[in-house]
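Notes follow the structure.
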Amino acid sequence: MTMTLIMKFGGTSVGNAEAIRQAANLVIQGAPNGEAIVVIVSAMRGVTDALVQGALTAAQGDEQTYRGVVSDLRVRHTLVIAELLSESAQRTELLKTVEAYLDEFAAFCRSVHVLGEVTARAMDAISSLGERMNARIFAAFLQEQGTPARAVDATDLIVTDRRFQEAAPLMEATQQRVQAHLMPLIEAGETPVVTGFIGATEDGITTTLGRGGSDYSAAILGAALDAAEVWTWTDVDGVLTTDPRIVPGARIIPELSYSEIGELAYFGAKVLHPKTIRPVVERGIPLWVKNTFNPTCPGTRIVQQPTSTPGTVKAVTAIPGLSMVTVEGRGMMGVPGIAARTFAAVASQGANVLMISQASSEQSICFLIPTGDVSTVITALERELALELSRRDIDRVWSMDDVVIVSAVGAGMRGTPGVAARLFHALATTDINVIAIAQGSSECSISLVVSGDQATEAVRQIHSEVIFYEQA
Ligand code: ADP
Ligand code: ASP
Ligand code: MG
């Protein structure tokens, strides 16, 4: 079987003609060990947002916004095509294809407007269009450069369940499709350019893997092809010690374990989709994060067992926009099943619980959810716990809004006393109040809840006092 290397390019890396040229050069240069390259592309930066926005506004009765999106996207894609390709039948064909996708978008939005709602299934069909257009542009440019290439829709490769907007791959079926549809192309010496982010149900209905899901697509195809490595090309030098938009001096982390990147991504580091590691862990396929615009920088290598120095914290992340819900009452102690019922009520509202903390006195349970879900969750809890509330076993269910989870991540924290103390010390020096704490059982992360207005300072403080101190 031909050995493959997956190269995924994110939205900025394929966001304009110059970026596409740069990205294509990386493909043309070839893989270090001569593997066949399989390309995965995202939509151009901002395109998925625009498509989603067009659909949402159409659902609200606005007929203007989506029309504006059509013309913006037409201009943007047409200009990129004109910059990249010389006049030819192929270019005319490509322009027609883009036009057809934009017509499809407009038609979807018209129906959404008439119906007054956009279902998750329709949203997936709509938001898949950015990747479909860009894969064709990228493949055409590779061809023009003399590299045989072909655009492939992941709807023919990645088979998923029916959870629109957040679909999960069915790996066995996916592997069969990949062997049947992708392998022959690769073996014929063509470079496939596959759409990131999307898949389809067994019966062919388009799904998406969740926002930012192209990284996940790359890992799914990497596992299905048993690739040598998966490289995700982005717009920063690798996984950094924190979000560079919060701390411009954030540094590259040369190596991380699958579980460390899992925690980092889960707790808000946008650089990789949180599910990316799932498909590659089992086969131990190394994952790299590299910079399209600085390709000589080696980037971050993610493997099973990296070197980690005891006591070190590698990175700090933050998830904003959360609320902390507390169920409290002195009579809760010993009433069986309160936690189970609490979380069942939360789940019934489809809310995602990001962190849970319970005091050992059992007098309160608190958990963090996105602020947008608070009112429905509290109503559901008050209904579920009505009896206990009326008996005063539970005193109240309340929420604190505008809080942020700040997490310190690093396998070196495991079994090392004093890391938590250093985190608290870092925050105490600038009077940042810690509202709640949780530590994962992997001991790979410690999470602290702080109020929204102190979050940036908390990240900066931990970054300078704990991370730089450790690595100096
Ligand atoms: P792509 O479109 O290439 O997938 P994303 O915008 O999804 O890129 O992710 C890369 C961005 O993630 C970076 O530009 C950076 O601003 C942000 N980011 C947040 N936290 C981190 C971190 N710890 N390391 C690197 N980048 C981070
Ligand atoms: N284009 C998709 C998004 O914006 C997927 C991705 O960029 O990874 O969410
Ligand atoms: Mg991304």
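Values in this text are rule-based calculations from the coordinates and carry no lab data. For clarity, every value in this text was computed on a predicted model and none was experimentally measured. Note: ideal-geometry Cβ built from the backbone for every residue, glycine included; neighbour counts use all protein chains shown.
Take each peptide in 128-134, 224-230, 411-417, count the other Cβ atoms within 10 Å of every residue, and average; sorted highest first, the result is 128-134, 224-230, 411-417. Cα axis of helix 129-144 to longest principal axis of the chain: angle in degrees, 0 to 90, nearest 10? Long axis of 129-144 versus the principal axis of the chain: about 40 degrees. The distance separating the Cα centre of the range 102-125 from that of the range 401-472 comes to 43 Å.
Here the chain is treated with +1 on each Lys and Arg Cβ and -1 on each Asp and Glu Cβ, and its dipole about the Cα centre works out to around 260 debye. Taking the C-alpha atoms only, the angle from helix 89-115 to the longest principal axis of the chain is near 40 degrees.
For the range 16-151, the residue among VAL118, VAL98, GLY34 whose Cα projects farthest onto the positive side of the dipole built from Cβ charges is GLY34.
Once the Cβ-Cβ distance of GLN358 and GLN305 is raised to the sixth power relative to R0 = 25 Å, the FRET efficiency obtained is 0.15. Taking amide H positions as modeled 1.01 Å from N, with prolines and chain starts lacking one, the residues under 5 Å from THR160 and 5 or more places away or on another chain are LEU170, ALA200, THR201, GLU202. What the Cβ-Cβ distance of GLU144 and GLU18 gives, at R0 = 22 Å and to the nearest 0.05, is a FRET efficiency of 0.90. A Förster radius of 56 Å combined with the Cβ-Cβ distance from THR416 to LYS96 puts the calculated FRET efficiency at roughly 0.40. Helix 374-384 sits at what angle to the longest principal axis of the chain, using alpha carbons and giving 0 to 90 degrees rounded to 10? Taking the Cα atoms of the chain, the angle to 374-384 is about 50 degrees. Farthest toward the positive end of the dipole of the range 357-420, out of VAL406, ILE365, PRO417, is the Cα of PRO417, where the dipole comes from beta carbon charges about the Cα centre.
Normalised radius of gyration (Cα atoms, divided by 2.2 N^0.38 Å) for the range 294-420: 1.39. Restricting attention to the chain, the count of lysine pairs at 8 or more positions apart or across chains with alpha carbons under 21 Å apart stands at 8. For LYS314, LYS290, the sequence from fewest to most other C-beta atoms within 10 Å is LYS290, LYS314.
When each of the peptides 1-7, 336-342 is scored by how many other beta carbons lie within 10 Å of its residues on average, the order from highest to lowest is 1-7, 336-342. Using the Cβ of THR430 as centre and a radius below 13 Å, the other residues enclosed give a net charge of -3, where K and R count +1 and D and E count -1. For ARG45, what charge total do you get from the other residues with a beta carbon under 11 Å from its beta carbon, if Lys and Arg give +1 and Asp and Glu give -1? The answer is -1.
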